[in-house]
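Take a look at the structure below.
The values are calculated or read from the model by the stated rules, or taken from the named source; none is laboratory data. Not measured: the values here are computed from a predicted model. A quick note on method: Cβ atoms are made from the backbone with ideal geometry, for glycine too, and the neighbour counts reach across all protein chains shown.
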């Protein structure tokens, strides 16, 4: 398997992406030169070595998102892939699958799903991490919190991740909304696990990304975490 590449999926197809007044949360002014979404994605360390064509954005199909894709996404990430969904899906896990469908192939490279709603600092290289740790199937970026707005990962006494939960405080290690999967096949098996165990793997009948890590654990693969710093959450900034 070639693990040097990294495919990045950014699911933006939720009902809250376009506000009632027609404004887009991705373009929110956060006091920097760039609007929120671009500032967030540009700050990720892997952005410097990732081709724009390796990004896939998933949007709900409407006039505002079509204009956003042509006026902003293609300017920020020339040649990036964009999927427009005619209807809302059963959660970000499946919206992400629509983006991954444009990237998955025989190379079976790592897939990174970035909800892109939290700014943070990290030096992580996901592809290198997978290359060095053959037993790791998933990698989550985390920070300390006990706010029920977030998703959480719980570790046992040995420091191994044993559970992931959506909007449920099962530890003090909250997800920063960025999830790396060792390969497309690991991601697909994790999605299958979520479907087969929907009563325990959904939140308000929706499939979110964080609980997919339970599906990685079910494959007898490890999930590791990396702490991030300088966290700025859009939800805490009025977005």
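Considering the stretch 102-127 alone, what residues qualify as being at pLDDT 95 or above and exposed (fewer than 14 other Cβ atoms within 10 Å of the Cβ)? If the condition is that a residue be at pLDDT 95 or above and exposed (fewer than 14 other Cβ atoms within 10 Å of the Cβ), then 121, 123 are the ones that fit. Taking strands (runs of 3 or more DSSP E) as the structural unit, no element lying wholly within the stretch 151-202 holds at least 3 residues that are surrounded by fewer than 17 Cβ atoms within 10 Å (Cβ to Cβ). Only one of the listed residues (99, 137) is touching a strand residue (DSSP E or B) at 6+ places or on another chain (Cβ under 6 Å), crowded, with 19+ Cβ neighbours inside 10 Å and closer than 27 Å to residue 48 by Cβ. That residue is 99. In the set 37, 73, 59, only one residue is touching a strand residue (DSSP E or B) at 6+ places or on another chain (Cβ under 6 Å), buried (at least 19 other Cβ atoms within 10 Å of the Cβ) and in a helix (DSSP H, G or I); that residue is 73.
In the stretch 84-106, which residues are closer than 20 Å to residue 47 by Cβ and either in a loop (DSSP other than H, G, I, E, B) or in contact with a helix residue (DSSP H, G or I) (Cβ under 7 Å, 6 or more places away or on another chain) (or both)? Of everything in the stretch 84-106, those that are closer than 20 Å to residue 47 by Cβ and either in a loop (DSSP other than H, G, I, E, B) or in contact with a helix residue (DSSP H, G or I) (Cβ under 7 Å, 6 or more places away or on another chain) (or both) turn out to be 100, 102, 103. Scan the stretch 84-93 residue by residue and report those that are in contact (Cβ under 8 Å) with a residue 60 or more places away in the chain and surrounded by fewer than 21 Cβ atoms within 10 Å (Cβ to Cβ). Those that are in contact (Cβ under 8 Å) with a residue 60 or more places away in the chain and surrounded by fewer than 21 Cβ atoms within 10 Å (Cβ to Cβ): 85, 88, 89, 90. The residue pairs whose first member lies in the stretch 20-40 and is farther than 20 Å from residue 59 by Cα, whose second member is modelled with pLDDT of 90 or more, and whose beta carbons are closer than 6 Å, counting only pairs six or more residues apart or on different chains, are 30/36; 32/39.
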